[in-house]
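K.L.:
First, the structure itself, so that you have it in front of you.
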Amino acid sequence: MLTLPALLVAFVLQGSDPVHPDLADLRERWRGAMEECGVPALAMVLVEGDEVVHRVTLGRRDPGRDAPVTPDTIFYIASATKPFVAFALAQLAEAGKVDLDAPVQRYLPRFRLADPALTAAITVRDLLCHRHGLDSGPIVLLDAYTGEISEDRYYHFLARVESPGRVAYSNVHFTLAGRVIEAVSGKSWRDTLAEHVFAPAGMTRTTGYADWMYAQDDAAIPAEVVDGRARAAPVRKSDRTMHAAGGLGTSIDDFSRWLRLQLGRGELDGVRLLSQRATEATWELRSESKDDADFGATEGFGLGWQRGNYRGHLELRHGGGYVGSASYVCFLPELELGLAVVATGGGGAGALCRLVSTDVHEHLLADDEVKDPLPALLEQARANRERDSQRRSAEKASPRPPLTLSREHAEYAGVYRSEWFGTLTIDLRGSELVARLGELAVELSTPGEDQVRIAGQGFGEGTGTFELSGGQVVALTLDLDGPVRFAR
């Protein structure tokens with residue numbers, strides 16, 4: 001344990017990675033936990049002030065080849081994107097291009113909610129601190145999973161949204177914030193961040209373009225581990241599904257630069273991106289919420305950041321998770337400490353991020369008994385493996401029943417379209433029908449003749465029926481957000 005005056009300590013190098021003396025014994029602990037929890041790839045970095053003092057890279061970045069994780073490996077960081085978007089809006093506010101306390105409607109004339117009074121009152125700042133809990137399952141499905149979002153669809157579903165009357169975390173706040181950036185900058189939100197945040201911060205391995213990210217040799221492929229073997233996750237981001245609430249990839253070295261920028265109060269390597277006052281203003285408590293305590297006690301939200309404390313020290317933090325990927329970033333400005341963790345894997349990836357974060361916090365800050373989350377983590381991992389094994393055994397013992405259809409299977413194959421949910425494609429593969437909603441592969445089954453059940457990431461499941469007319473299959477109606485008709 002370090003006393004506060006001694007937090008800035010000397011460190012040593014292990015290979016090319018700096019090693020903090022109080023954390024040197026954790027590498028093998030994390031490696032063992034990765035094997036137990038099904039995490040193929042992990043990277044972490046610790047910053048003290050303006051210096052990287054500890055860095056670890058473990059595992060393989062691509063389950064299809066023997067390629068190690070490096071400091072430059074780009075990981076998808078999901079919702080840890082949000083503080084970057086808030087930072088860019090703070091830059092635009094400081095440049096006089098946006099007023100954070102102005103109504104959203106000033107910048108987005110199409111902005112409408114179910115409540116006209118809230119529509120007129122909600123501000124850009126409200127979005128950045130999750131003040132009104134605006135959420136929409138269809139928007140998230142189309143934005144983050146199927147890639148079938150359009151401006152007309154976005155605002156169509158937004159007009160149905162009602163506030164729960166309390167602070168609540170939601171992606172919709174930040175997909176709106178991204179649209180504000182585009183309205184005032186004249187550029188896409190990701191190009192604005194690239195020009196005004198990543199380039200001046202020297203973050204050359206950070207991008208909002210998934211297609212470019214996964215075309216790089218040194219990129220972490222979202223993965224899962226099944227029966228002890230790593231394989232690519234069934235869902236992967238594309239440019240169409242990258243959005244301002246969760247649309248960035250970055251390397252652990254670039255994450256260290258982001259942390260140094262925060263601890264530098266908006267300045268990095270002599271380049272000022274945002275004034276100290278404006279940077280620190282993004283950390284201030286703007287809305288109170290104590291719902292989420294995974295990483296320590298929480299107070300609520302600043303702008304983009306979740307604000308809380310760890311052992312009495314102010315901490316700004318954000319996590320991210322998606323199919324096959326997880327991330328976590330935090331910093332304690334009073335102690336000049338910053339930490340980032342990225343990983344691939346199923347549910348174990350998020351758990352490993354929590355383990356690494358807690359281990360680092362406890363080794364550096366604990367002045368009494370050190371918390372050890374590993375036993376509970378391993379117990380949960382064993383329970384998950386047993387559950388998954390039983391599920392796979394049950395599936396083998398009771399294979400999926402054949403499709404129950406009134407016509408030949410080939411007659412159901414085709415492209416079905418909904419005005420508001422986009423494209424549902426059904427293909428014939430051998431004797432089976434496979435389906436995808438936009439870019440999202442979904443499982444298709446028939447619980448009864450011409451009855452349909454589809455299941456997939458982002459929405460759970462939907463049930464419905466094929467519609468036949470004149471002996472031909474003409475449509476499919478599914479209960480997604482109420483009855484949704486996909487016409488052939």
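K.L.:
Among the listed residues V85, V104, V140, V69, identify the single one that is within 30 Å of A349 (Cα to Cα), in contact (Cβ under 8 Å) with a residue 40 or more places away in the chain and either touching a strand residue (DSSP E or B) at 6+ places or on another chain (Cβ under 7 Å) or hydroxyl-bearing (S, T, Y) (or both). Let's see the steps before the verdict.
P.N.:
Details: V85 fails: either touching a strand residue (DSSP E or B) at 6+ places or on another chain (Cβ under 7 Å) or hydroxyl-bearing (S, T, Y) (or both); V104 fails: within 30 Å of A349 (Cα to Cα); V140 fails: either touching a strand residue (DSSP E or B) at 6+ places or on another chain (Cβ under 7 Å) or hydroxyl-bearing (S, T, Y) (or both).
Checking each option against the conditions leaves just V69.
K.L.:
Taking strands (runs of 3 or more DSSP E) that fall entirely within the stretch 37-105, which contain at least 1 residues that are over 16 Å from S327 (Cβ atoms)?
P.N.:
Details: elements: 41-48, 51-59, 74-76.
Hits in the stretch 37-105: 41-48, 51-59.
K.L.:
So D388 ticks every box in (1) under 30 Å from T241 (Cβ atoms); (2) at pLDDT 90 or above; (3) not polar (S, T, N, Q) but one. Which box is left unticked?
P.N.:
For D388, the failing item is (2).
K.L.:
Then there is this: Can you tell me which residue among L352, L405, L337, L378 is of a type in the set (A, V, I, L, M), surrounded by 13 or more Cβ atoms within 10 Å (Cβ to Cβ) and out of contact with any strand residue (DSSP E or B) (no Cβ under 8 Å at 6 or more places or on another chain)?
P.N.:
Within the list L352, L405, L337, L378, the selection yields L378.
K.L.:
Okay, next question. If F301 passes every condition in (1) over 29 Å from E36 (Cα atoms); (2) without any contact (Cβ under 8 Å) to a residue 40 or more places away in the chain; (3) open to solvent by 10 Å² or more (accessible area, probe 1.4 Å) but one, which one does it miss?
P.N.:
The one condition F301 does not meet is (2).
K.L.:
Here is a list: R112, R106, R55, R65. Which entry is charged (D, E, K, R), out of contact with any Cys (no Cβ under 9 Å at 6 or more places or on another chain) and modelled with pLDDT under 95?
P.N.:
Residue meeting the stated conditions: R65.
K.L.:
Hey, among the residues in the stretch 408-445 that are part of a loop (DSSP other than H, G, I, E, B) and among the aromatic types (F, W, Y), which one's most open to solvent (accessible area, probe 1.4 Å)?
P.N.:
Of the stretch 408-445, the ones part of a loop (DSSP other than H, G, I, E, B) are 408, 413, 419-421, 430-431, 438-439.
Narrowing the set further to residues that are among the aromatic types (F, W, Y) leaves 420-421.
Numbers: W420: 75, F421: 9 Å².
If we take residues in the stretch 408-445 being part of a loop (DSSP other than H, G, I, E, B) and among the aromatic types (F, W, Y), then W420 is most open to solvent (accessible area, probe 1.4 Å).
K.L.:
Could you grab me the full set of residues in the stretch 477-488 that are surrounded by 15 or more Cβ atoms within 10 Å (Cβ to Cβ) and of a type outside the set (D, E)? Even if it seems obvious, please write down each step before you answer.
P.N.:
Of the stretch 477-488, the ones surrounded by 15 or more Cβ atoms within 10 Å (Cβ to Cβ) are 477-478, 480-481, 484-486, 488.
Once the filter is applied, which keeps residues that are surrounded by 15 or more Cβ atoms within 10 Å (Cβ to Cβ) and of a type outside the set (D, E), the stretch 477-488 yields T477, L478, L480, V484, R485, F486, R488.
K.L.:
For the stretch 214-230, give me the residue count where each residue is over 20 Å from the mean Cα position of the chain (by Cα) and under 15 Å from M34 (Cα atoms).
P.N.:
Selection size over the stretch 214-230: 5.
K.L.:
In addition: Among the residues of the stretch 409-424, is any farther than 29 Å from V323 by Cα and either touching an Asp or Glu at 6+ places or on another chain (Cβ under 7 Å) or hydroxyl-bearing (S, T, Y) (or both)? Spell out how you get there, then give the answer.
P.N.:
To start, the set of residues in the stretch 409-424 that are farther than 29 Å from V323 by Cα comprises 409-412.
Applying the additional criterion that residues be either touching an Asp or Glu at 6+ places or on another chain (Cβ under 7 Å) or hydroxyl-bearing (S, T, Y) (or both) yields 412.
There is at least one residue in the stretch 409-424 that is farther than 29 Å from V323 by Cα and either touching an Asp or Glu at 6+ places or on another chain (Cβ under 7 Å) or hydroxyl-bearing (S, T, Y) (or both).
K.L.:
For a quick check of your reading of the model, give me the residue pairs whose first member lies in the stretch 431-442 and is without any contact (Cβ under 8 Å) to a residue 24 or more places away in the chain, whose second is assigned to a strand (DSSP E or B) and open to solvent by 70 Å² or more (accessible area, probe 1.4 Å), with beta-carbon atoms closer than 7 Å and at least 6 apart or on different chains.
P.N.:
V442/R436
K.L.:
Same structure again: Being part of a strand (DSSP E or B) and touching a residue at least 24 places away in the same chain (Cβ under 8 Å) narrows it down to one of L339, L364, L352, L335, so name that one. Step through it out loud before you land on a result.
P.N.:
Numbers: L364 fails: part of a strand (DSSP E or B); L352 fails: part of a strand (DSSP E or B); L335 fails: part of a strand (DSSP E or B).
Going through L339, L364, L352, L335 in turn, the sole match is L339.
K.L.:
Any chance the stretch 438-457 includes a residue that's in contact with a helix residue (DSSP H, G or I) (Cβ under 9 Å, 6 or more places away or on another chain) and of a type in the set (A, V, I, L, M)?
P.N.:
Yes: the stretch 438-457 contains one or more residues that are in contact with a helix residue (DSSP H, G or I) (Cβ under 9 Å, 6 or more places away or on another chain) and of a type in the set (A, V, I, L, M).
K.L.:
Additional query: For Q91, only one of the following conditions fails: (1) of a type outside the set (D, E); (2) touching a Leu at 6+ places or on another chain (Cβ under 7 Å); (3) open to solvent by less than 20 Å² (accessible area, probe 1.4 Å). What is its number?
P.N.:
Of (1) of a type outside the set (D, E); (2) touching a Leu at 6+ places or on another chain (Cβ under 7 Å); (3) open to solvent by less than 20 Å² (accessible area, probe 1.4 Å), only one is false for Q91: (3).
K.L.:
Which helices (runs of 4 or more DSSP H) sit wholly inside the stretch 120-211 and have at least 2 residues that are surrounded by 18 or more Cβ atoms within 10 Å (Cβ to Cβ) and within 17 Å of the chain's Cα centre (by Cα)? Break it down stepwise before answering.
P.N.:
Numbers: elements: 124-128, 137-140, 151-158, 171-185, 189-193.
The helices (runs of 4 or more DSSP H) meeting that bar are 137-140, 171-185, 189-193.
K.L.:
Are there any pairs, at least 6 apart or on different chains, whose C-beta atoms fall under 8 Å, with the first in the stretch 266-284 and without any contact (Cβ under 8 Å) to a residue 60 or more places away in the chain and the second part of a helix (DSSP H, G or I) and surrounded by fewer than 17 Cβ atoms within 10 Å (Cβ to Cβ), and if so, which?
P.N.:
What qualifies is G266/Q276; E267/Q276.
K.L.:
Which of the residues belonging to the stretch 107-131 are in contact with a strand residue (DSSP E or B) (Cβ under 9 Å, 6 or more places away or on another chain), free of Cβ contacts under 8 Å to residues at least 40 places away in the same chain and more than 22 Å from E288 (Cβ to Cβ)?
P.N.:
T119, A120
K.L.:
Inside the stretch 446-456, can you point out the residues that are charged (D, E, K, R) and outside any strand (DSSP E or B)?
P.N.:
Looking only at the stretch 446-456, we keep the residues that are charged (D, E, K, R), and these are 449-450, 453.
Within the stretch 446-456, E449, D450 meet the criteria.
K.L.:
Looking only at the stretch 295-328, count every residue that is within 16 Å of the chain's Cα centre (by Cα) and outside any strand (DSSP E or B) and tell me the total. Reasoning before the result, please.
P.N.:
So in the stretch 295-328, the residues within 16 Å of the chain's Cα centre (by Cα) come out as 304-306, 317-328.
Still in the running and outside any strand (DSSP E or B): 304-305, 323-324.
Summing the residues that are within 16 Å of the chain's Cα centre (by Cα) and outside any strand (DSSP E or B) in the stretch 295-328 gives 4.
K.L.:
Within the stretch 451-476, take every residue that is crowded, with 16+ Cβ neighbours inside 10 Å and in contact (Cβ under 8 Å) with a residue 40 or more places away in the chain and give me the one that is farthest from V140 (Cα to Cα).
P.N.:
Ranking the qualifying residues of the stretch 451-476, first place goes to V473.
K.L.:
For the stretch 94-113, which positions are over 25 Å from S136 (Cα atoms) and open to solvent by less than 50 Å² (accessible area, probe 1.4 Å)? Please lay out each step first, then the result.
P.N.:
Just the residues of the stretch 94-113 that are over 25 Å from S136 (Cα atoms), to begin with: 94-99.
Answer for the stretch 94-113, where residues must be over 25 Å from S136 (Cα atoms) and open to solvent by less than 50 Å² (accessible area, probe 1.4 Å): just V98.
The values are calculated or read from the model by the stated rules, or taken from the named source; none is laboratory data. The structure displayed is predicted, hence computed values, not measured ones. Quick reminder, even Gly has a Cβ in these numbers, built from the backbone with ideal geometry, and neighbours come from all protein chains shown. Side chains included, ligands, DNA and RNA excluded: accessible areas come from the protein's heavy atoms. Shrake-Rupley method; radii C 1.70, N 1.55, O 1.52, S 1.80 Å.
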